[in-house]
There are 2 protein chains.
Amino acid sequence: MTSPMKFCSTCGGAISYRVPDGDNRERAICDDCGTIHYRNPLVVVGCIVEHEGKIMLCKRSIEPRYGYWTIPAGFMELGESTAEGAARETLEEACAQVDMGPFFASVDVIRAGQVHIYFLAKLNGDFGAGSETLETRLFAKDEIPWDDIAFASGKYALQKYFEKDGVQNAPHIHTIYPE
Amino acid sequence: MTSPMKFCSTCGGAISYRVPDGDNRERAICDDCGTIHYRNPLVVVGCIVEHEGKIMLCKRSIEPRYGYWTIPAGFMELGESTAEGAARETLEEACAQVDMGPFFASVDVIRAGQVHIYFLAKLNGDFGAGSETLETRLFAKDEIPWDDIAFASGKYALQKYFEKDGVQNAPHIHTIYPE
């Protein structure tokens with residue numbers, strides 16, 4: 001999560017938090033120039049990468065969840081599509097080129113203020129460990145380290161994947177509420 | 001689009017644009033405290049609301065696209081799911097309660113830096129015009145004002161809807177690139 005806004009990014013003025021006229025939520029508003037600075041959920045994009053019946057996971061070399069295993073995924077960037085972002089994150093984290101498959105899941109992660117969008121993909125060539133990864137490995141269904149999966153949304157997507165052995169039976173739309 | 005960041009929202013220091021170490025994109029970085037301020041795509045959520053074979057559209061009372069017709073939709077807020085946000089926007093723009101249906105489309109709108117997520121929904125009661133709406137109306141398939149639809153993503157979603165007469169045959173995943 002980003003730190004709370006204290007200064008206006010447009011004019012440098014002091015920020016107050018209040019509900020603007022015609023709105024129903026507290027926003028960061030500049031006392032000097034009046035600019036309203038909104039904060040909204042962000043999109044995380046990633047790939048469930050399959051190769052010979054196994055799924056590729058990356059062991060994280062960064063916080064949060066250092067040392068836990070994750071589906072390659074990260075923040076979508078301006079100028080790219082969700083699928084392009086998912087492929088880029090897979091290249092960055094797992095040094096892996098993939099053939100993109102269908103949209104697989106959209107998971108709202110309320111506490112994080114994020115929407116996690118996963119695509120299916122097939123490994124196309126080698127793989128390795130990017131700068132945010134300690135190790136990348138392929139796991140068969142019965143080898144998945146379920147207790148050491150980094151994020152609940154990734155665990156959900158993997159569970160849905162193996163429920164039907166990778167068949168894209170539907171888009172899986174899910175919300176993870178704060179516990 | 002938000003205006004470019006000139007001052008650090010954390011400390012008020014001056015912002016420079018450069019590529020941070022280990023990154024590959026130009027970011028807004030504070031010259032004083034070093035905070036990196038990321039900008040990423042935002043999520044827009046909305047409903048294709050059906051009632052007796054007709055679809056509900058709202059005539060916009062605000063820019064951009066004042067006077068054009070739109071599917072009720074708007075920016076997803078922190079603390080809500082995509083479906084909850086879509087229902088909230090429908091209530092705000094069309095004063096309409098709906099019974100939410102399945103996920104229908106996810107459209108990347110590259111130029112806007114947005115992902116537009118649409119759900120199907122059924123009208124449950126009355127409707128009206130919210131503060132961002134001049135008029136709300138139900139349109140049969142052959143009445144849709146195709147030349148006066150506000151946004152390309154909404155037009156895409158409506159086209160997909162009427163292609164199969166509202167049958168949720170698949171999630172429609174689409175990217176609109178800048179022309």
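The values are calculated or read from the model by the stated rules, or taken from the named source; none is laboratory data. As the structure is a prediction and not an experimental result, all values here were calculated from the model. Here Cβ is always computed from backbone atoms with ideal geometry, including for glycine, and neighbour counts include all displayed protein chains. Please note that ligands, DNA and RNA were not included when accessible areas were found on the heavy atoms of the full protein model with its side chains. Shrake-Rupley method; radii C 1.70, N 1.55, O 1.52, S 1.80 Å.
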**Flag for residue A:72 being within 11 Å of chain B (Cβ to nearest Cβ), under 19 Å from residue A:151 (Cα atoms) and open to solvent by less than 30 Å² (accessible area, probe 1.4 Å)** = no
**Message:** Given (1) farther than 20 Å from residue B:175 by Cα; (2) touching a helix residue (DSSP H, G or I) at 6+ places or on another chain (Cβ under 9 Å); (3) within 7 Å of another protein chain (Cβ to nearest Cβ), identify the lone condition not met by residue B:59.
**Reply:** (3)
**Request:** Please specify each residue of the range A:117-167 satisfying the condition of being open to solvent by less than 50 Å² (accessible area, probe 1.4 Å) and in a strand (DSSP E or B).
**Result:** A:117, A:118, A:119, A:120, A:121, A:123, A:133, A:136, A:138, A:139, A:149
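I'd like to check something: does the range A:65-83 contain any residue that is more than 30 Å from residue A:3 (Cβ to Cβ), part of a strand (DSSP E or B) and aromatic (Phe, Trp, Tyr)?
So in the range A:65-83, the residues more than 30 Å from residue A:3 (Cβ to Cβ) come out as A:83.
From the residues that got through so far, the ones that are part of a strand (DSSP E or B) too are none.
No, there is no match, as no residue in the range A:65-83 is more than 30 Å from residue A:3 (Cβ to Cβ), part of a strand (DSSP E or B) and aromatic (Phe, Trp, Tyr).
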**Message:** Among the residues of the range B:17-39, what is the count of those that are more than 14 Å from residue A:12 (Cα to Cα) and in a strand (DSSP E or B)?
**Reply:** 7
**Item:** Extreme residue, nearest to the chain's Cα centre (by Cα), among residues of the range A:1-24 that are facing chain B (nearest Cβ under 9 Å), loosely packed, with under 12 Cβ neighbours inside 10 Å and within 17 Å of residue A:111 (Cα to Cα)
**Value:** A:3
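What number of residues in the range A:91-104 are at the interface with another protein chain (Cβ under 10 Å from one of its Cβ atoms) and under 13 Å from the mean Cα position of the chain (by Cα)?
0
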**Request:** Quick one: count up the residues across the range B:40-52 that are outside any loop (DSSP other than H, G, I, E, B) and either of a type outside the set (Val, Ile, Thr) or within 11 Å of chain A (Cβ to nearest Cβ) (or both).
**Result:** 8
